[in-house]
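What follows is one structure encoded as C-alpha cells, with my remarks underneath.
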Amino acid sequence: MRKNIVAGNWKMNTTFDEAVTLTKELLNLEKQFDKNTEVVLIPPFLYTKTLVDLTQNSKIKIGTQNSANILEGAYTGEVSAKMIASINAQYVIIGHSERRAYYNETNQILNQKLKLVLENNLIPIFCVGEILAEREANKHFEIIKNQLIEGTFNFSETDYKKIVIAYEPVWAIGTGKTASPEQAQEIHTFIRNLIAEKFGVNLANEISILYGGSVKASNAKEIFNNKDVDGGLIGGASLNAKEFTDIINAF
C-alpha cells in the first residue's frame with residue numbers, strides 16, 4: 001500500500017527564528033494531522049539539523065531541497081547525501097524544476113544525485129514536469145518520459161521502490177495557475193504506466209506520486225481525490241502552519 005505524503009518545500013524562505021517558530025506551530029498542530037499521511041518539512045539547508053532535533057519525538061520527517069552529485073571532496077558550497085544522512089534527515093528533493101532551470105541540472109546529473117541519495121538510505125523525491133511552451137507544443141508526455149527514463153530507470157526494482165516521484169507542471173509553480181484535477185490525474189496515470197512498463201504493475205502501484213504546482217488548502221482536496229495522486233509537494237502554502245495542516249488533512 002503506497003503512502004500518502006505531503007511535503008512542504010520552504011525554498012529560500014524563512015530566517016532561522018522564523019523556521020523554528022513555524023516548526024513549533026506545526027508540532028502544536030500535529031494531533032490534528034491525518035494519521036495516514038506522512039508529513040515532511042524541507043527547510044533551507046542551514047536549519048536542517050535544528051529541525052531534525054525539534055521533531056525527533058514527532059511523526060514529522062525532515063528533508064533537504066537538494067544534494068550533490070558527488071559524495072565528498074573539494075567542491076566548495078556543495079552538500080552531499082552522506083552529510084545529510086549523518087544528521088538523520090530522511091528525505092531529499094532531486095531535480096526540482098528550479099534546479100533544472102536555474103542551475104542547469106540535466107537528467108544525467110540528477111541520476112548521479114539519485115544514486116548517492118539511495119546509497120545513503122535517504123528517500124528521494126524525484127521531480128519531473130514540463131514548462132508552458134512544452135505543454136502548449138503538446139510535448140509534455142515526451143518531456144516527462146525522458147526525464148523519468150534518463151533520470152531513474154537504471155535502478156534495480158529494490159531501489160526503485162524507495163523513490164517518490166513528484167509531478168510539477170512548471171507553468172503552475174508560483175504563478176497562481178493550477179493544473180486541473182483531470183490534468184493532474186492524466187499525467188500521474190501516464191507516469192505510473194511508464195513505471196509499470198519498466199518494472200511491472202505491482203511495483204508501479206507501490207510508488208507514491210505527488211503533485212506540485214500551486215496547491216492550496218482551497219484546491220488540495222479536489223486534487224488529492226484523484227486515484228493516482230498520492231499527495232503534494234507544497235511550496236508557498238507550506239509556510240503557513242494552519243494552511244499546511246489543512247492541506248495535510250485534505251485526504
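Quick notes
- Cβ-Cβ under 7 Å pairs, at least 6 apart or on other chains, region 210-221 side within 20 Å of Thr189 (Cα to Cα), far side of a type in the set (Asp, Glu): Leu210/Asp230; Gly212/Glu168; Gly213/Glu168
- Some residue of region 22-29 being loosely packed, with under 14 Cβ neighbours inside 10 Å, more than 16 Å from the chain's Cα centre (by Cα) and farther than 13 Å from Ile248 by Cβ: yes
- Of the residues making up region 217-224, not a single one is within 26 Å of Thr158 (Cβ to Cβ) and not in a loop (DSSP other than H, G, I, E, B).
- Residue pairs whose Cβ atoms lie under 7 Å apart, sitting 6 or more positions apart in sequence or on different chains, and linking a residue in region 182-197 that is under 11 Å from Leu148 (Cβ atoms) and among the acidic types (Asp, Glu) to a partner that is surrounded by 17 or more Cβ atoms within 10 Å (Cβ to Cβ) and modelled with pLDDT of 95 or more, do not occur here.
- Output for region 28-45, where each listed residue is assigned to a loop (DSSP other than H, G, I, E, B) and within 22 Å of Glu18 (Cα to Cα): Phe33, Pro43, Pro44
- Residues that are within 14 Å of Ala241 (Cβ to Cβ), out of contact with any helix residue (DSSP H, G or I) (no Cβ under 8 Å at 6 or more places or on another chain) and of a type in the set (A, V, I, L, M, F, W, C) within region 12-64 are absent altogether.
- Total residues in region 198-220, condition closer than 17 Å to Ala172 by Cβ and touching a Phe, Trp or Tyr at 6+ places or on another chain (Cβ under 9 Å): 8
- Residue check, Ala101 surrounded by fewer than 20 Cβ atoms within 10 Å (Cβ to Cβ) and either under 18 Å from the mean Cα position of the chain (by Cα) or farther than 14 Å from Cys127 by Cα (or both): yes
A quick yes/no check of all residues on (1) assigned to a loop (DSSP other than H, G, I, E, B); (2) buried (at least 19 other Cβ atoms within 10 Å of the Cβ); (3) not aliphatic (A, V, I, L, M):
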position: Thr158; (1), (2), (3): no, no, yes
position: Ala184; (1), (2), (3): no, yes, no
position: Ile207; (1), (2), (3): yes, yes, no
position: Val215; (1), (2), (3): yes, yes, no
position: Thr245; (1), (2), (3): no, yes, yes
position: Ala250; (1), (2), (3): yes, yes, no
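The values are calculated or read from the model by the stated rules, or taken from the named source; none is laboratory data. Not measured: the values here are computed from a predicted model. Reconstructed Cβ throughout: ideal geometry from the backbone, glycine too, with neighbour counts over all protein chains shown.
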